[in-house]
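*Asks:* Take this structure first; my questions come after.
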Amino acid sequence: MPLLDLAALLSRSGYDAIALRGRPGGHVHWQLSPDERWHVRRILADHGLQVSALATYLFIANRDAGTAEQTDTRDE
């Protein structure tokens, strides 16, 4: 679900926080530009949501994990 839709749903449902998963293809990840990070913060603020947790992923010694030049493609 796009972050804007998810934020609206959570806000309408009475939630005040969201746990984000940080990975490419998700709502946030370490490669977001400053403008993209600002956009995420703006969406959450506009819907009265705080970030309760940020889950990250670490792939070590995994043949599908990719490299700095190649992103994780397991979900493609």
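The values are calculated or read from the model by the stated rules, or taken from the named source; none is laboratory data. For clarity, every value in this text was computed on a predicted model and none was experimentally measured. Note that each Cβ is placed from the backbone with ideal geometry, even for glycine, and that neighbours are counted across all protein chains shown.
*Asks:* Taking the residues in the range 9-37 that are in a helix (DSSP H, G or I) and loosely packed, with under 15 Cβ neighbours inside 10 Å as candidates, determine which candidate is farthest from the chain's Cα centre (by Cα).
*Replies:* Per the stated criteria, the residue is Arg12.
*Asks:* May I pose another question? Determine whether the range 49-71 contains at least one residue that is in contact with a Pro (Cβ under 7 Å, 6 or more places away or on another chain) and modelled with pLDDT of 80 or more.
*Replies:* Checked the range 49-71: no residue is in contact with a Pro (Cβ under 7 Å, 6 or more places away or on another chain) and modelled with pLDDT of 80 or more.
*Asks:* For Leu6, only one of the following conditions fails: (1) surrounded by 14 or more Cβ atoms within 10 Å (Cβ to Cβ); (2) touching a residue at least 40 places away in the same chain (Cβ under 8 Å). What is its number?
*Replies:* (2)
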